[in-house]
Amino acid sequence: MTSTILKHCRFFFFALLMTTLVGCAAQTGGSSWGMPSGNSGIVTSDPNQLPDVAWQTASQREGLMQQNNTVATSTTPTPAAAPVPPREIKVALLLPLTGKNANLGKPMLQASQLALFDVGSSGFELIPADTGSTPQGAAAAAQKAIAGGASLLLGPIFADDVKAVKPIASAASIPMVSFTTDWTLADNNTYIFGFLPFLQVARVTQFAETKGLGNLGVVAPQTEYADVVIATLDRTGATAKAMQRYSPGQPDLNTIIADFASRQKSADGSLAIDSLLLPVGGESLRSLTAVLSQHGLSNKRLRLLGTGLWDDSTALSDPALTGGWFAAPDPKARRDFEQRYQQNFGGVPPRLATLAYDATALAAVLSRTDTTGEPYSRNRMTAARGFAGIDGVFRFRGDGLAERGLAVLEIRGGSASVIDPAPTAFGSGS
């Protein structure tokens, strides 16, 4: 399938239908990282409010295949039409296909190939460009792709690579959709497509407040990510009743957490806080929850809250997080993608693979539907109604940051279940 997909994918016609999507928020002004507060996501079947672009569901793909087969085998002659030469659109995909990060880059390329299989067209060509897992390689790959006629750059993944490519793309006026989570790199030519903490924090804490859990505590490392999480709380109007920071390299958290826990307990043994935000992931999260449990700060006595860093197997399998809530894209559509990925390529795709799929599908469909000659113009890329993909509804703001529709998920038995209804569009006026 790979060789066919990488050239010109000719079969599937695009169909507009979006999957179940969740909570979005209104834009606000402010600093370069400032993100929306509130939840302006709405449930609607009004086609004038639904995202302009969405990719097929499994049932649609089957239906489209049947239609194509019917056309191919039909014996009814069709009227001859004047040939229309296809407009060639080239898009470069900058990924580490060799070097230390090849184990991430190769599956993301395969996810992109799957997107082309689903929504590609004869006029669209994806050009894989190997960054070699270095900033210098990323810069060289970008220069070669632009010289070869690329109209859009997808990737790279890592912040240092994006920094190396930004001036090259800017000088050529070629937009870039990067997979990094470094929001400081966003501008009017660089779109940041990675999963950002702003909306995740606002979504889960505001949901908790609606459930009567407004006495919020925070335990967080002294990192830039946690700094932004805490600043986001201030911007959304949430107030942390208790705060504990710690060095991310601190080997023993027992004394710090013991002191924090003692300050939350009243004379009768009750807690001053009813929810606790932990903006950390991976093994660091597992170590932290173990110490918190030892000192009576577990989901048995309060509600643990997290960010998208919890959206991985390490967090989901941690018994201490059972019952915890976090905000992330609705996983329903991702399950179908993962199943099809395994069928075509074997193995389980990394979490970031969906970014490559959605970005490639977006590029292919904007190319297919373009009537202006500029498929990736700023107006098209920042369409207010947004787009819908595997990771839900999304749109790019004028400052280059991505807004996403998020679900609130609860960890149960090693997996995450949606516990909040799913909006299907961005609110009017957002």
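The values are calculated or read from the model by the stated rules, or taken from the named source; none is laboratory data. Model, not experiment: these values are computed from the prediction. Neighbour counts run over all protein chains shown; Cβ positions are idealised from the backbone, glycine included. Areas reflect the complete protein model, heavy atoms only, side chains present, ligands, DNA and RNA absent. Shrake-Rupley method; radii C 1.70, N 1.55, O 1.52, S 1.80 Å.
In this structure the amide hydrogen of L154, modeled in the peptide plane, comes within under 5 Å of the amide hydrogens of A92, L93, L94, V177, none closer than 5 places in sequence on its chain. Expressed as a whole percent, the accessible surface of region 232-319 that belongs to carbon and sulfur atoms is 49, based on a 1.4 Å probe.
Shown here are the Rg and Dmax of the Cα trace of region 351-430, at 14.9, 50 Å.
Here region 297-430 was treated as a single set of alpha-carbon atoms; its pair distances binned every 5 Å from 0 give 2, 9, 16, 18, 17, 15, 11, 7, 3, 1, 1, 0 percent. Per the Debye formula on identical point scatterers at the alpha carbon atoms of region 128-235, with no solvent, log10 I(q)/I(0) at q = 0.18 Å⁻¹ is -0.83.
Give me the 1.4 Å probe accessible area per residue for region 312-391, excluding ligands and nucleic acids, in Å².
On a per-residue basis, region 312-391 sits at 37 Å².
Summing charges over all other residues whose Cβ lies under 10 Å from the Cβ of Q244, with Lys and Arg as +1 and Asp and Glu as -1, gives +1.
Per residue, the accessible area of region 76-201 comes to 39 Å² when a 1.4 Å probe rolls over the protein heavy atoms.
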